[in-house]
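Heads up, the thing below is written out as structure tokens.
The numbers here are math on the coordinates, done by the rules we state, and not lab data. The model shown is predicted, which means the values in this text are computed figures rather than measured ones. Backbone-built Cβ (ideal geometry, glycine too); neighbour counts: all protein chains shown.
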Amino acid sequence: MSILVAIANPKGGVGKSLTTMMLADGLALTYGARILVIDADPQAGVTKALLGIAAENELHRQRIGLGTILKLFQSGDRIRLAGHRVIAGDLIELRDRQPGLIDMIPSNHELLGALPDFEHTVRKKRRKDRLDVLLSHTLRAEIQSIESNYDVVLIDCPAGPGALGLAGLRLAQHIIMPTSLETNAYSTLTDFLKFILADDLDLASKVRVHPLITQYHATNTTQREMLHHIKQGLYELNAIPRPVPYATALQNAAAHPGPGAFRSVREKYGNALPDLVAMTKAVAERISANH
Amino acid sequence: MSNQVSPGEALERLFEVIREEAVANPAFARRLLDAVDVTVIFSGPDAVKVADPILAAARSDYATFRESFLSFTEKDLKSLIKGFVLATDEQIKGVKTKPKQSGLVDLMWEGAHRKLDERRVR
């Protein structure tokens with residue numbers, strides 16, 4: 001049975017897609033893990049980061065991705081995740097290493113339009129179900145049919161309070177919650193954690209939440225002070241202690257020039273490679289604790 | 001000259017740099033000590049460099065907090081309040097107590113608790 005991990009935060013621009021890409025690469029390369037990435041974000045950040053913009057456009061043209069899956073569902077088809085998997089691990093070390101691999105269910109902007117249509121269709125049939133509950137049930141059944149192929153399933157949730165994001169939370173056993181230490185991002189994080197802990201979604205007993213500090217500026221004294229307090233347990237945050245720095249190397253790693261462009265993980269991550277390894281190990285320790 | 005050193009020598013050189021930095025930089029020394037959960041009382045000019053009103057407010061009661069900070073000069077207290085953004089300039093100017101330290105420490109206590117309340121998850 002695989003471990004289901006949602007990467008979620010209702011605030012945009014905090015590094016969800018970058019974190020998902022780093023975790024996929026890091027877990028596959030460090031542990032030889034078999035990873036399935038489900039891009040549930042219409043912005044397709046992790047699709048672009050793992051495959052490149054040209055590949056994202058081509059997959060859209062070929063009608064491969066979560067948006068197409070939802071559209072097909074409306075016309076009476078089953079949700080078939082398996083048929084929409086694409087190979088996303090293109091680093092030479094990963095191709096040469098067994099059994100480590102990265103597959104993904106890509107996304108594209110089609111998902112933005114597909115979701116309201118999906119809602120309209122299900123409302124006609126099952127009026128009482130919440131959309132996020134229905135989505136999570138439907139996706140769970142499909143994930144279960146392919147999860148024996150994977151050690152970890154990563155779900156990159158979209159920003160905002162939409163049904164896809166909530167469905168991702170319902171599917172997961174662990175939620176990695178990237179956040180920067182900028183004031184608005186941090187307050188969104190605490191509000192979101194309170195929302196989950198308040199148990200409105202009946203999640204509190206089912207998932208473990210692991211905040212992850214991203215875009216960390218070590219030269220910013222306010223951020224350094226906050227990180228110190230977080231590590232000292234002042235805010236009861238249970239955050240992953242190692243922050244992901246704000247680094248040009250990570251921005252470059254996420255700007256995928258196309259298949260085969262990066263030959264090695266060192267070439268892809270440059271001087272941020274130690275941060276990739278440290279973050280991967282810290283997350284792996286958390287998500288493997290109950291498995 | 002050879003670049004090859006034993007692992008012990010390499011570690012010794014590394015720790016020497018850390019030791020020197022800790023002696024020269026009290027804030028760094030405090031972070032090291034906090035990491036291993038050791039309490040050390042800093043005094044003299046170093047005290048203001050390592051003082052962390054938010055940490056102090058979280059870990060002590062009002063009386064202990066006041067006792068810790070009342071010995072600071074007015075200038076140092078204002079510098080701490082501004083450094084940790086615990087009150088506005090107007091609020092600092094509005095302190096009329098005699099001595100001023102008393103009112104500034106109270107302002108710092110309120111500001112530190114406001115920050116804790118804002119940042120705590122529960």
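Of A:L273, A:L227, all but one fail to be buried (at least 16 other Cβ atoms within 10 Å of the Cβ) and over 17 Å from A:L23 (Cβ atoms); the exception is A:L227. Given the residues A:R80, A:R63, A:R95, which is the only one that is out of contact with any Pro (no Cβ under 6 Å at 6 or more places or on another chain), surrounded by fewer than 19 Cβ atoms within 10 Å (Cβ to Cβ), of a type in the set (K, R) and assigned to a helix (DSSP H, G or I)? Only one candidate qualifies: A:R95. Total residues in segment A:30-60 satisfying the condition of being surrounded by fewer than 22 Cβ atoms within 10 Å (Cβ to Cβ), of a type in the set (A, V, I, L, M) and closer than 17 Å to A:R95 by Cβ: the figure is 1.
Within segment B:58-66, none of the residues are under 12 Å from the mean Cα position of the chain (by Cα), surrounded by 15 or more Cβ atoms within 10 Å (Cβ to Cβ) and of a type in the set (F, W, Y).
Residue-wise test of (1) of a type in the set (V, I, T); (2) away from chain B (no Cβ under 14 Å); (3) surrounded by 15 or more Cβ atoms within 10 Å (Cβ to Cβ); (4) over 20 Å from A:G13 (Cβ atoms).
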| residue | (1), (2), (3), (4) |
| --- | --- |
| A:M177 | no, no, yes, no |
| A:D200 | no, yes, no, yes |
| A:K231 | no, no, yes, yes |
| A:L234 | no, no, yes, yes |
| A:A255 | no, yes, no, no |
| A:S264 | no, yes, no, yes |
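Pairing residues of segment A:198-214 that are farther than 27 Å from A:M22 by Cβ and free of Cβ contacts under 8 Å to residues at least 12 places away in the same chain with residues that are charged (D, E, K, R) and buried (at least 16 other Cβ atoms within 10 Å of the Cβ), at Cβ distances under 9 Å and at least 6 apart in sequence or on separate chains, gives A:D202/A:R170.
Just one residue in the set A:L23, A:L50 is outside any loop (DSSP other than H, G, I, E, B), under 15 Å from A:C157 (Cα atoms) and not aromatic (F, W, Y); that residue is A:L23. Residues being part of a helix (DSSP H, G or I), within 16 Å of A:L72 (Cβ to Cβ) and in contact (Cβ under 8 Å) with a residue 12 or more places away in the chain are entirely absent from segment A:146-154.
Scanning segment A:199-222 for residues that are farther than 21 Å from A:S288 by Cα and touching a strand residue (DSSP E or B) at 6+ places or on another chain (Cβ under 6 Å) yields a total of 2. In segment A:121-137, the residue that is surrounded by the most Cβ atoms within 10 Å (Cβ to Cβ) out of those that are within 20 Å of A:T68 (Cβ to Cβ) and among the hydrophobic types (A, V, I, L, M, F, W, C) is A:L135. Residues that are touching a residue at least 24 places away in the same chain (Cβ under 8 Å) and on the phi < 0 side of the Ramachandran plot within segment A:236-248 comprise A:L237, A:A239, A:I240, A:P241, A:R242, A:P243, A:V244, A:P245, A:Y246, A:A247, listed in sequence order.
Determine, yes or no, whether A:F118 is surrounded by 15 or more Cβ atoms within 10 Å (Cβ to Cβ) and touching a Leu at 6+ places or on another chain (Cβ under 7 Å). Answer is yes for this residue.
Annotation for segment A:1-17: at least one member residue is among the charged types (D, E, K, R) and within 29 Å of A:K206 (Cα to Cα).
Among helices (runs of 4 or more DSSP H) entirely within segment B:21-122, having at least 2 residues that are more than 14 Å from every other protein chain (Cβ to nearest Cβ) singles out B:45-50, B:62-69, B:74-83, B:89-93, B:100-119. The condition of being among the polar types (S, T, N, Q), under 30 Å from A:L166 (Cα atoms), within 14 Å of another protein chain (Cβ to nearest Cβ) and over 19 Å from the mean Cα position of the chain (by Cα) holds for only one of A:T190, A:T222, that being A:T190.
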